[in-house]
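Engineer: Below is one structure. I have some questions about it.
The values are calculated or read from the model by the stated rules, or taken from the named source; none is laboratory data. Predicted model, so just to flag it, every value in this text is computed and none were measured. Cβ coordinates were reconstructed from backbone atoms using ideal geometry, including for glycine residues, and neighbour counts include every protein chain displayed.
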Amino acid sequence: MTPRAFLIRGLVAGFLASFLAFAVAYTVGEPQVDAAIAVEEANAAAAPADEPASDGHSHSHAEEDGGTEVSRQNQSTWGLLTGLVAVGTALGGVVGLAAAFAMGRLGRLTPGQSTALVTAVGFVAFWLVPFFKYPATPPAVGSGDTIGDRTLWYFVVLAISLVSAVGAVALSRRLLPRFGAYRTVLASVGGYAVVVTVTALAMPTSNELGDFPADVLWYFRLSTLFTNGVLWLGIGVILVGLIGSLHQRESLAHARREMAANL
Amino acid sequence: MSDITTTPQVSIPTIPVGRLAPWTVFFVLLATIVLFFISADQGAVSIPSGNAIHEWVHDGRHLLGFPCH
């Protein structure tokens with residue numbers, strides 16, 4: 001059970017999970033992205049020709065600023081896969097190292113159990129809570145003038161959520177010996193919930209939906225939930241399996257060594 | 001006595017912070033750079049300038065839920 005063993009298993013879990021997430025994103029998410037781009041193009045066509053589209057953004061950037069243009073065919077397949085594999089593998093590695101740190105430090109949880117807990121906390125803190133405040137927006141939603149602010153806000157909420165989740169776990173380690181599991185979990189989860197709720201209320205809200213169709217928006221956001229849910233669930237299930245079997249192997253080897261020493 | 005079954009008392013190992021720190025610092029820095037390029041580059045800030053990265057990972061950025069544009 002070395003840091004190296006955890007990192008490698010985390011990277012493997014993240015890499016494999018990102019292909020599961022790709023399958024979901026491609027089948028469930030891409031139709032909604034295409035529907036949103038159709039809305040965007042219809043809006044652009046309806047706008048007067050001498051003015052840019054109302055959101056100042058077009059999916060064929062190349063037309064306006066001479067940049068690179070990637071076809072929808074490539075964006076929805078290889079481009080999507082690139083993004084998911086890079087993010088999935090990076091997150092998998094970080095989760096692996098976080099699980100290495102958590103092992104043996106969270107009450108009597110076995111390595112597999114503490115790894116599962118780390119992954120669950122990771123999904124909530126890294127994705128779900130920021131999503132509740134700044135839900136994913138499809139193409140055609142969001143002004144180019146506010147992308148700087150919205151990006152900053154998103155990552156501020158993400159950072160506060162991550163730091164307070166780590167703080168809640170650290171707090172629960174101190175509370176556990178004195179208050180028992182039930183009250184410890186209640187206090188640390190409650191503390192995290194209070195911090196992120198206050199943060200969400202204090203942060204500016206962004207609403208640039210305009211008359212974007214509600215059904216496309218709902219299905220798009222649902223598909224981002226499925227994509228990220230499957231990514232994190234995949235990381236968790238694969239990593240727990242790998243860490244669990246590693247621990248079992250090493251405990252067996254340890255027991256055998258002890259027995260041999262006693263002969 | 002082979003018929004006595006005991007639940008093996010498996011002690012849970014811990015990895016000392018000193019052994020974990022180099023891996024963690026290095027990999028978290030690396031992961032942050034990867035996340036930056038996939039999630040935010042050539043949206044709010046552009047390194048390098050242009051939009052090739054934004055265009056290539058466009059759908060991934062939307063579907064992962066990052067602010068894309």
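Engineer: Would you check if A:Ala187 is small (Gly, Ala, Ser), more than 22 Å from the chain's Cα centre (by Cα), farther than 25 Å from A:Gly144 by Cα and surrounded by 14 or more Cβ atoms within 10 Å (Cβ to Cβ)?
Structural biologist: Details: small (Gly, Ala, Ser): yes; more than 22 Å from the chain's Cα centre (by Cα): yes; farther than 25 Å from A:Gly144 by Cα: yes; surrounded by 14 or more Cβ atoms within 10 Å (Cβ to Cβ): yes.
It is true that A:Ala187 is small (Gly, Ala, Ser), more than 22 Å from the chain's Cα centre (by Cα), farther than 25 Å from A:Gly144 by Cα and surrounded by 14 or more Cβ atoms within 10 Å (Cβ to Cβ).
Engineer: Tell me, which residue of region B:14-54 that is in a loop (DSSP other than H, G, I, E, B) and within 7 Å of chain A (Cβ to nearest Cβ) is nearest to the chain's Cα centre (by Cα)?
Structural biologist: Filtering region B:14-54 for residues in a loop (DSSP other than H, G, I, E, B) gives B:14-16, B:40, B:42-44, B:46-51.
Still in the running and within 7 Å of chain A (Cβ to nearest Cβ): B:14-15, B:40, B:43-44, B:50-51.
Numbers: B:Thr14: 21, B:Ile15: 20, B:Ala40: 15, B:Gly43: 21, B:Ala44: 21, B:Gly50: 26, B:Asn51: 24 Å.
Ranking the qualifying residues of region B:14-54, first place goes to B:Ala40.
Engineer: Still on this model: What do you reckon, is A:Glu250 in the same structural domain as A:Val121 (by TED's automatic domain parsing) and either closer than 30 Å to A:Ala140 by Cβ or surrounded by 13 or more Cβ atoms within 10 Å (Cβ to Cβ) (or both)?
Structural biologist: Values: in the same structural domain as A:Val121 (by TED's automatic domain parsing): yes; either closer than 30 Å to A:Ala140 by Cβ or surrounded by 13 or more Cβ atoms within 10 Å (Cβ to Cβ) (or both): yes.
For A:Glu250, the condition - in the same structural domain as A:Val121 (by TED's automatic domain parsing) and either closer than 30 Å to A:Ala140 by Cβ or surrounded by 13 or more Cβ atoms within 10 Å (Cβ to Cβ) (or both) - is met.
Engineer: Condition check: closer than 26 Å to A:Gly14 by Cβ and either of a type in the set (Lys, Arg) or not assigned by TED's automatic domain parsing to the domain that holds A:Phe19 (or both). Does A:Tyr182 satisfy that?
Structural biologist: Values: closer than 26 Å to A:Gly14 by Cβ: no; either of a type in the set (Lys, Arg) or not assigned by TED's automatic domain parsing to the domain that holds A:Phe19 (or both): yes.
For A:Tyr182, the condition - closer than 26 Å to A:Gly14 by Cβ and either of a type in the set (Lys, Arg) or not assigned by TED's automatic domain parsing to the domain that holds A:Phe19 (or both) - is not met.
Engineer: Here is a follow-up. Which of the residues spanning region A:174-184 are exposed (fewer than 15 other Cβ atoms within 10 Å of the Cβ) and touching a Leu at 6+ places or on another chain (Cβ under 8 Å)? If you could, list the steps in order and put the result at the bottom.
Structural biologist: Step one: filter region A:174-184 for residues exposed (fewer than 15 other Cβ atoms within 10 Å of the Cβ), giving A:174, A:177-183.
Hit for region A:174-184 is A:Arg183, nothing else.
Engineer: A further question on this structure: How about region A:143-156: which of its residues are surrounded by fewer than 21 Cβ atoms within 10 Å (Cβ to Cβ) and either touching a helix residue (DSSP H, G or I) at 6+ places or on another chain (Cβ under 7 Å) or under 15 Å from A:Val195 (Cα atoms) (or both)? Reasoning before the result, please.
Structural biologist: Looking only at region A:143-156, we keep the residues that are surrounded by fewer than 21 Cβ atoms within 10 Å (Cβ to Cβ), and these are A:143-149, A:151-153, A:155-156.
Scanning region A:143-156 gives a single hit, A:Val156.
Engineer: Name the single residue that is farthest from the other protein chains (Cβ to nearest Cβ) among those in region A:88-100 being among the aliphatic types (A, V, I, L, M) and closer than 11 Å to A:Phe15 by Cβ. Reasoning before the result, please.
Structural biologist: From region A:88-100, those among the aliphatic types (A, V, I, L, M) are A:90-91, A:94-95, A:97-100; that's our starting set.
If we keep only those that are closer than 11 Å to A:Phe15 by Cβ as well, we get A:90-91.
Working: A:Ala90: 4, A:Leu91: 7 Å.
The selected residue is A:Leu91.
Engineer: If we keep just the residues of region A:192-231 that are crowded, with 16+ Cβ neighbours inside 10 Å and in contact with a Leu (Cβ under 8 Å, 6 or more places away or on another chain), which is farthest from A:Ile147 (Cα to Cα)?
Structural biologist: Going through the qualifying residues, I end up with A:Val230.
Engineer: Also, quick follow-up: Which of the residues that make up region A:1-51 are in contact with a Gly (Cβ under 9 Å, 6 or more places away or on another chain), surrounded by fewer than 16 Cβ atoms within 10 Å (Cβ to Cβ) and within 10 Å of chain B (Cβ to nearest Cβ)?
Structural biologist: none
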